[in-house]
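Report on one structure; see the data block that follows.
The values are calculated or read from the model by the stated rules, or taken from the named source; none is laboratory data. The shown structure was predicted, so the numbers you read here are calculated from the model rather than taken from an experiment. Heads up, the Cβs are rebuilt from the backbone with ideal geometry, glycines too, and the neighbour counts pull from every protein chain shown. What goes into the accessible areas is simple: the full protein's heavy atoms, side chains included, and nothing from ligands, DNA or RNA. Shrake-Rupley method; radii C 1.70, N 1.55, O 1.52, S 1.80 Å.
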Number of protein chains: 2
Amino acid sequence: MTSFQDKLEKYAELAVKVGINIQPGQTLVVRTPLNAADYVRAVAKKAYEAGAKNVHVEWSDEELTKTKYELAPDEAFHEFPQWVAKGYEEMAENGAAFLSITGSNPDLLKDADPERVSNANKASGKAMEGFRSYIMSDKISWSIVAVPSVGWAKKVFPNESEEHAVEKLWEAIFAATRINEEDPVSAWQEHLTALDDKMKALNDKHYHALHYTSEGTDLVIELPETHLWVSGGSVNKDGVSFVANMPTEEVFTSAKKTGVNGTVSSTKPLNYGGTLINNFSLTFKDGKVIDFKAEEGYETLKRLLDTDEGARYIGEVALVPHQSPISDTNILFYNTLFDENASNHLAIGSA
Amino acid sequence: MTSFQDKLEKYAELAVKVGINIQPGQTLVVRTPLNAADYVRAVAKKAYEAGAKNVHVEWSDEELTKTKYELAPDEAFHEFPQWVAKGYEEMAENGAAFLSITGSNPDLLKDADPERVSNANKASGKAMEGFRSYIMSDKISWSIVAVPSVGWAKKVFPNESEEHAVEKLWEAIFAATRINEEDPVSAWQEHLTALDDKMKALNDKHYHALHYTSEGTDLVIELPETHLWVSGGSVNKDGVSFVANMPTEEVFTSAKKTGVNGTVSSTKPLNYGGTLINNFSLTFKDGKVIDFKAEEGYETLKRLLDTDEGARYIGEVALVPHQSPISDTNILFYNTLFDENASNHLAIGSA
């Protein structure tokens with residue numbers, strides 16, 4: 001039996017070697033909540049051992065975020081430090097790789113004023129636009145992995161003690177990311193090859209449209225004449241491969257902007273910036289969301305759809321196999337990184 | 001009896017109201033190790049309650065620092081991110097206040113290559129020169145307070161368990177910073193008035209020189225014709241009072257650059273950037289250190305004295321009362337913030 005520390009180190013190695021695929025002399029930037037400190041320390045060791053020049057860590061703290069939403073004046077949510085945004089751009093320009101650690105409490109901002117949340121997201125989105133373009137275009141290597149917080153673990157396993165909930169969530173993450181395989185790095189290389197094969201098969205088919213039907217869903221998505229299916233393995237501008245999401249099980253493409261019609265209902269909740277949107281549906285006409293419902297997080301969904309002109313159009317169409325290590329866990333993670341990889345999904349906004 | 005949480009909150013309030021003296025609408029920047037997270041969260045609450053617009057926290061981690069010294073390539077220690085330095089300057093320019101939390105393990109870098117440590121200090125010193133000028137000239141409000149780390153606590157109380165050592169160090173810090181008084185904020189206001197009175201008395205005396213004698217020490221320090229004694233209470237460019245060091249018991253002035261002659265021996269160790277210099281002496285001729293000894297940390301003291309032209313001259317001459325809450329603890333803290341306030345001291349470098 002493998003100890004927790006062994007698994008944690010394997011998981012760190014996987015992020016460094018497969019997720020980021022760090023190159024000698026490169027700087028690794030890690031964006032992480034405080035509670036992932038033990039994992040970040042393991043990642044830093046693996047990164048230096050693989051030849052990284054420096055590991056720069058940007059920490060955040062859920063409790064401080066919550067306190068700010070509770071006590072700061074309104075004006076604080078319209079600002080984002082420009083020097084931080086410039087710093088990210090500078091590091092990206094200099095070829096750094098970016099590892100983000102996710103795992104916040106899905107209910108963290110449940111009681112926060114949605115207008116504050118929306119303003120803060122807009123301010124950071126605008127300031128970080130330049131950096132985001134490096135990410136969205138895969139110019140640089142980037143990856144997202146998950147580490148449990150107590151709040152997240154208790155959301156997934158509400159009947160367990162805090163300690164057991166965190167343990168169980170770790171086990172689920174290890175299972176979903178193939179850490180229980182003898183050699184996770186090789187297992188991932190095989191997995192990425194399999195995803196590539198599916199991508200090629202779909203591209204050969206050159207489908208005109210996809211028709212989704214199930215309870216609450218009857219949706220036709222036309223695909224652009226020139227659409228290309230893409231899988232979870234990416235390549236940066238220097239030709240270095242990386243994996244942006246760990247886990248990833250999807251093969252995805254874009255939709256024809258005006259060619260989406262019908263209604264789609266969610267089968268999993270969406271955690272958007274600390275607020276959960278659950279049991280929701282979207283109705284499209286000629287590509288645009290013209291109606292929507294949500295049993296939970298209606299206000300947040302409304303603001304999300306009103307973010308900008310593109311937010312009511314589909315940006316990503318993803319197919320996911322019925323069986324995978326994630327869906328085998330049979331767990332609702334309340335975290336998009338996992339839940340989106342357990343079933344077919346759509347994403348709205350920039351493609 | 002007051003609970004630990006009560007004392008922690010009083011200590012947070014003291015830093016916010018007396019140390020920094022936060023003003024409505026102001027941003028508070030906190031520079032802190034991860035292990036002080038609970039205290040930082042309490043500080044953030046008190047700051048927002050006192051009207052702060054935002055609390056920006058820059059975290060560091062001792063273990064990551066140690067890993068970097070062990071595993072990173074040499075070139076990493078010649079660099080400091082310019083965008084971070086610019087960010088500090090920008091925040092200072094915009095009138096932010098800066099709270100630093102000290103409390104690192106005094107032996108953290110005991111096994112690190114002194115050349116790496118020296119290079120890193122030089123790189124950060126150079127990059128942060130602009131920001132440092134805001135601090136050194138008291139343009140902005142800044143303050144340093146201490147929070148125990150396990151490593152520091154075990155250095156001070158080597159025979160206690162980790163848990164007890166941290167508890168005992170917290171108690172010593174609370175005692176030294178007057179947190180056990182019923183109203184620490186008022187107690188500090190009285191204390192600062194008393195320091196001011198001593199400062200005025202010394203300025204009235206207008207001494208020509210100070211003569212220090214004790215075992216291993218026979219030193220004459222001439223004071224400049226225009227010297228002024230200053231106490232621990234400071235005032236920033238906007239006329240807002242603050243206290244740069246908590247605790248502070250000293251009244252200090254500068255020396256005549258060429259007027260220092262004789263030998264001075266340490267009675268307390270000096271923790272310089274994670275390395276301890278202990279049982280050391282400096283011999284001056286016409287203001288300059290011409291000889292030095294150290295039973296521990298000789299190499300670090302040598303590099304410190306060779307930092308630049310000014311590093312061999314005295315920058316600060318401080319007088320400290322024989323009795324104070326710090327010296328009453330009868331504890332050797334291995335942390336300059338405390339130990340310098342338990343006895344008369346001298347500082348080399350920029351005045």
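Spin-label pair A:THR283-A:PHE4: with each label point 7 Å from Cα along the Cα-Cβ axis, the two points sit 4.9 nm from one another. Each listed q (0.10, 0.19 Å⁻¹) maps to a log10 I(q)/I(0) for the range B:4-176, found by the Debye formula over equal Cα scatterers with no solvent: -0.44, -1.30. A label point on A:ASP291, set 7 Å along the Cα-to-Cβ line, lies at 9.5 nm from each of its counterparts in the other copies, closest listed first. Summed over both chains, the area buried between B and A is near 2900 Å², taken from the accessible surface of protein heavy atoms with a 1.4 Å probe. DSSP assigns beta bridges within chain B; of those with both partners inside it, close to 70 percent run antiparallel. Evaluated with a Cβ-only charge set (Lys, Arg +1; Asp, Glu -1), the range A:4-176 carries a dipole of roughly 580 debye about its Cα centre, given to the nearest 20.
A cut-off under 9 angstrom between Cβ atoms defines the neighbours of A:LEU319, and their net charge, with Lys, Arg +1 and Asp, Glu -1, is 0. For the protein assembly as shown, the Cβ-based charge dipole about the Cα centre amounts to some 1140 debye (Lys, Arg positive; Asp, Glu negative; other atoms uncharged). Put the Cα centre of the range B:207-266 next to the Cα centre of the range A:257-278 and the gap is 67 Å.
Where the convex hull is taken over the Cα atoms of the range A:214-334, what is its projected area averaged over directions, in nm²?
Approximately 9.1 nm², given one-decimal rounding.
Averaged over the residues of A:40-52, the number of partner chain Cβ atoms lying within 10 Å of the residue Cβ comes to 3. Placing a label point 7 Å from the Cα of B:PRO73 along the Cα-to-Cβ direction, the distances to the matching points in the other copies come to 4.9 nm, shortest first. Near the amide H of A:ALA146, within less than 5 Å, lie the amide hydrogens of A:THR102, all on another chain or at least 5 residues away, with H placed in the peptide plane.
A convex hull fitted around the alpha carbon atoms of the range B:1-105 yields 107 Å³ per residue. Inter-chain Cβ neighbour count for A:29-35, averaged per residue, equals 1 (cutoff 10 Å, partner chain atoms only).
Over chain B, DSSP H runs of length four or greater, each weighted -39,500 (n - 2.57), average out per residue to a 222 nm ellipticity of -11000 deg cm²/dmol. The phi-based Karplus calculation (6.51 cos²θ - 1.76 cosθ + 1.60; θ = phi - 60°) puts the 3J(HN,Hα) values of the range A:148-155 at x, 9, 4, x, 5, 4, 6, 6 Hz, whole numbers, x for Gly and Pro.
Backbone amide hydrogens, once placed in the peptide plane, bring B:ALA52 within less than 5 Å of B:GLY25, excluding anything fewer than 5 places away on its chain.
Could you please report the charge total around A:GLY130, scoring K, R as +1 and D, E as -1 over all other residues with beta-carbon less than 11 angstrom from its beta-carbon?
-1
Based on the convex hull around the alpha carbon atoms, the range A:264-351 presents an average projected area of 5.7 nm². Give me log10 I(q)/I(0) at q = 0.07, 0.10, 0.13 Å⁻¹ for chain A, Debye formula, one equal scatterer per alpha-carbon, no solvent. Each listed q corresponds, in turn, to -0.29, -0.63, -1.14. For A:LEU305 and A:GLU225, the difference between the fully extended length at 0.36 nm per residue and the C-alpha to C-alpha distance is 26.1 nm. Counting every C-alpha pair in the range B:219-259, the share spaced more than 11 angstrom apart comes to 70%. Note on the range B:307-338 and the range A:118-175: Cα centroid distance 45 Å, given to the nearest whole angstrom.
Rolling a 1.4 Å probe across the protein heavy atoms gives the protein assembly as shown an accessible surface of 46 Å² per residue. Take A:LYS126, push a point 7 Å out from Cα through the beta-carbon direction, and compare it with the same point in every other copy: 3.8 nm, smallest first. Taking the Cα centre of chain A as origin and assigning +1 to Lys and Arg Cβ atoms and -1 to Asp and Glu Cβ atoms, the resulting dipole is close to 600 debye.
For GluC sites (Glu not before Pro), the sites in the range B:154-223 that DSSP calls loop and that have at most 12 other Cβ atoms within 10 Å are B:GLU182, B:GLU215.
Taking a Cβ cut-off of under 11 Å around A:SER343, the surrounding Lys, Arg, Asp and Glu residues balance to a net charge of -3, with basic ones at +1 and acidic ones at -1.
Can you classify the range B:135-257 as rounded, prolate or oblate using the Cα gyration tensor, where a ≥ b ≥ c are the square roots of its eigenvalues, rounded means a/c under 1.5, and otherwise it's prolate if a/b beats b/c and oblate if not? Since a/c reaches 1.5 but b/c is at least a/b, the shape of the range B:135-257 is classed as oblate. Averaged over the residues of B:58-71, the number of partner chain Cβ atoms lying within 10 Å of the residue Cβ comes to 4. Computed over all pairs of different Cα atoms, the Kirkwood value for the hydrodynamic radius of the protein assembly as shown is 28.2 Å. In order along the range A:246-255, phi translates into HN-Hα couplings of 10, x, 9, 10, 8, 10, 9, 8, 9, 9 Hz, rounded to whole numbers, per the Karplus curve 6.51 cos²θ - 1.76 cosθ + 1.60 with θ = phi - 60° and x for Gly and Pro.
Extending 7 Å from the Cα toward the beta-carbon at both A:GLU215 and A:LYS139 defines two label points whose distance is 4.7 nm. Extension gain for A:LYS237-A:GLU129 works out to 37.0 nm (0.36 nm per residue, less the C-alpha to C-alpha distance). Summarising the amide proton neighbourhood of B:ARG31: residues at separation of 5 or more, or on other chains, whose placed amide H is nearer than 5 Å comprise B:GLU58, B:LEU99, B:SER100, B:ILE101. Taking θ as phi - 60° and the Karplus parameters 6.51, -1.76 and 1.60, the scalar couplings of the range B:266-274 work out to 6, 10, 9, x, 10, 9, 10, x, x Hz in sequence order, x denoting glycine and proline. Protein heavy-atom surface of chain A, 1.4 angstrom probe: 48% of the accessible area is carbon and sulfur, with nucleic acids and ligands not counted.
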